[in-house]
Amino acid sequence: MSKKGIKVTSVTYAMKGRDLLQKNGYKAYLTRNPHPEDDEGCGYVIYVNNLDKKCFEILKRNRIKVTGTVDLGEVL
């Protein structure tokens, strides 16, 4: 099973997003982006154990701009 990270525009938004998801019952963590050559996002991504559509809705509702996802592979 592939592990995905949520890319955001800054490390500040990554921390805020992680905290929001944790407050909503998700196990969310920050980790380094294993593909830093990507132009979009910052050097960190939000990893959520059970990533689903609701995670993205929570972030959007709280004005956390998501730029995409990244495959974390065996990083975690």
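Numbers at a glance
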{"item": "Tally of residues being of a type outside the set (Lys, Arg) and open to solvent by 50 Å² or more (accessible area, probe 1.4 Å) across the stretch 15-24", "result": "4"}
{"item": "Selection count, the stretch 43-53, where residues are out of contact with any Pro (no Cβ under 7 Å at 6 or more places or on another chain) and either over 16 Å from Asp19 (Cβ atoms) or of a type in the set (A, V, I, L, M) (or both)", "result": "7"}
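Condition check ((1) within 11 Å of the chain's Cα centre (by Cα); (2) among the basic types (Lys, Arg); (3) surrounded by 16 or more Cβ atoms within 10 Å (Cβ to Cβ)) across all residues:
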position: Val8; (1), (2), (3): yes, no, yes
position: Tyr26; (1), (2), (3): no, no, yes
position: Pro36; (1), (2), (3): no, no, no
position: Cys42; (1), (2), (3): yes, no, yes
position: Ile46; (1), (2), (3): yes, no, yes
position: Leu59; (1), (2), (3): yes, no, yes
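The values are calculated or read from the model by the stated rules, or taken from the named source; none is laboratory data. No experiment lies behind these values; they were computed from the predicted model shown. Heads up, the Cβs are rebuilt from the backbone with ideal geometry, glycines too, and the neighbour counts pull from every protein chain shown. In case anyone asks, the SASA skips ligands and DNA or RNA and just uses the protein heavy atoms, side chains included. Shrake-Rupley method; radii C 1.70, N 1.55, O 1.52, S 1.80 Å.
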